[in-house]
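The structure appears right after this line, and notes come after that.
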Amino acid sequence: GQVIFANINAYETEIVPGDYVKRYYQFVTSHNGQYGLEFLSSLTQMVCTNTIRHAMQTAKAKLKFYHTKNADVRLQNAAEMLALAGNEARSFDDKLRFLATKRITADMANLVLDRLIGEVSDEDKTARRKNMREAILTAPDNSDQVRGIAGTAYALLNQITYIEDNEMPTTPQALKYYNEEKRVISASFGAGAKKKEKAFQLLFDVANGKEI
C-alpha cells in the first residue's frame with residue numbers, strides 16, 4: 001500500500017539577480033492501485049502526502065500510465081510530455097521576469113487587492129479587509145535583497161506571498177484559534193496557496209493592461 005515518489009531537480013533558474021526558482025521532474029506510483037504511474041513537473045518538491053497531492057494538482061504537464069494494453073502507446077508520448085513541461089516552465093519563469101519589469105501604480109495595486117480580498121468603503125463594516133490590505137502593502141517585498149524590483153508587480157506578489165506564508169493573527173480572539181500547522185498547510189496546499197496563484201494571475205493580467 002505504500003506510495004512511491006521521486007523528485008529530479010530539473011533546473012534552477014534566476015528570475016531576477018539573487019532570486020531563484022527550482023523546478024522538478026517527478027513520478028508517483030503506489031503498490032495498492034491508488035495511483036498508476038504518473039510523471040509530472042512542478043515547483044513543489046514532494047516530501048509527504050500533502051506535497052505529493054499539491055504537486056499533482058498544480059502540475060500543468062502530466063503523463064499517466066496504467067497497466068493496460070494502452071501503456072505502450074502512452075509511453076511513446078513521454079518525450080512530448082517532457083517538452084510540454086519544459087515549455088510550461090519557461091513560460092512561467094518568463095511571466096515572473098515580466099512582472100519584475102512592470103511598475104505598478106497605487107490604482108493598479110488597489111484594483112488587484114479589490115479582486116483578491118474585496119473592496120473597502122467607509123460605510124461598510126470592512127475592518128478585517130482593510131487590515132488585510134494594509135498588512136500586504138506594508139509587508140516585506142524582498143527589495144532590500146533584490147535590487148530593482150521595488151514598486152513592481154513582482155514586489156507586490158512577494159508581499160502577498162509573505163503574508164500568506166508568515167502572517168499571524170493580531171487580535172486575542174483570532175490568536176485563541178490560531179494553529180501554526182494549519183496555517184502552513186493552507187499556505188502551501190490550501191486556501192492560501194490558491195490565493196497566491198490567483199494573485200499571480202491578477203498581477204499578470206493587470207501588468208498586461210487587461211481588465212480584471
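The values are calculated or read from the model by the stated rules, or taken from the named source; none is laboratory data. It should be emphasised that the depicted structure is a prediction, and the values quoted were computed from it without experimental measurement. Cβ sites come from the backbone with ideal geometry, for glycine too, and all protein chains shown count toward neighbours. Please note that ligands, DNA and RNA were not included when accessible areas were found on the heavy atoms of the full protein model with its side chains. Shrake-Rupley method; radii C 1.70, N 1.55, O 1.52, S 1.80 Å.
Of note:
- Pair list, Cβ under 6 Å, 6 or more apart: region 21-33 residue surrounded by 13 or more Cβ atoms within 10 Å (Cβ to Cβ), other residue among the β-branched types (Val, Ile, Thr) and part of a strand (DSSP E or B): Val21/Thr13; Val21/Ile15; Tyr25/Ile8; Thr29/Ile4; Ser30/Val3
- Taken together, the residues in region 9-20 that are in contact with a Phe, Trp or Tyr (Cβ under 8 Å, 6 or more places away or on another chain) and exposed (fewer than 11 other Cβ atoms within 10 Å of the Cβ) amount to 2.
- Taking the conditions (1) open to solvent by 50 Å² or more (accessible area, probe 1.4 Å); (2) in contact with a Leu (Cβ under 8 Å, 6 or more places away or on another chain); (3) modelled with pLDDT under 85 in turn, Ala78 satisfies each one other than (1).
Yes/no per residue for (1) crowded, with 20+ Cβ neighbours inside 10 Å; (2) of a type in the set (Lys, Arg):
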site: Arg128; (1), (2): no, yes
site: Ala135; (1), (2): no, no
site: Gln145; (1), (2): no, no
site: Ile149; (1), (2): yes, no
site: Tyr154; (1), (2): yes, no
site: Asp165; (1), (2): no, no
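- Boolean, Asn158 is among the polar types (S, T, N, Q), farther than 23 Å from His54 by Cβ and at pLDDT 90 or above: no
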